[in-house]
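First the structure, in the form of structure tokens, and then the observations on it.
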Amino acid sequence: MMDTNTRASPAGDRLTVRCAPHPQGTDMLIIYDSLTGNAQRFAHTVAERTQRLARRVTDPPPDGPYLLVTYTFGQGQVPPSTATFLAAHSAHLRGVVASGSYHWGANFARAGDLIAQAHGVPLIAKLNKGGAATDVDTVTAWLRAHDPLTHRSPHGPLD
Ligand SMILES: Cc1cc2nc3c(=O)[nH]c(=O)nc-3n(C[C@H](O)[C@H](O)[C@H](O)COP(=O)(O)O)c2cc1C
């Protein structure tokens, strides 16, 4: 996908400038929490695929909508670092992806269920460890469907 901007040159001509894809400030951010790297890798894979920014829960907080990617800890619990983040920054939470391990049976990726229920947002995917290609597809499709830019007027932000 290419962005196209029309700008005036110093001589007064109209120039069309084509730019490479870049993360948009208004796109949904991907915020992740990760202990051993599975959720982090998944977040970065999806971020790269969708040209969005991926940030850790301890980075500067989001000031717009975001998708949370986290993992499951204890006995089917939300990691304390994720809980701390959500306590302060849940206003812009739009969806959650949770990692876990099939090994944990009924508690598999249960952090996702808990967060979705507590905050009234959809659980987009449960990942076994770092997830599969189908998980990347699912989350990519969800992000693209929920991009604020796709909900704007087709005539642009000034209409
Ligand atoms: C102490 C501990 C407790 C865990 N508890 C669960 C659990 O209850 N349910 C689950 O699905 N996975 C559980 N896991 C597995 C992790 O959620 C899983 O490995 C996940 O991919 C880790 O994500 P990360 O690599 O981003 O930290 C646990 C892992 C550890 C180390």
| Theoretical gain in end-to-end length, HIS44 to HIS103 [0.36 nm per residue, Cα-Cα removed] | 18.8 nm
| message | Using 5 Å bins from zero, what percent of all Cα-Cα pairs in region 41-96 falls into each bin? | response | 4, 17, 28, 27, 16, 6, 1
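Volume per residue, Å³, of the convex hull around the alpha-carbon atoms of region 29-150? The partial results should precede the final answer.
Values: hull volume 11.4 nm³, N = 122.
Taking only Cα atoms, region 29-150 has a hull volume of 94 Å³ per residue.
Every read-out reported here was derived from the displayed coordinates using simple, explicitly stated rules and does not represent laboratory data. Note that the structure is predicted; figures quoted are calculated from it, not measured.
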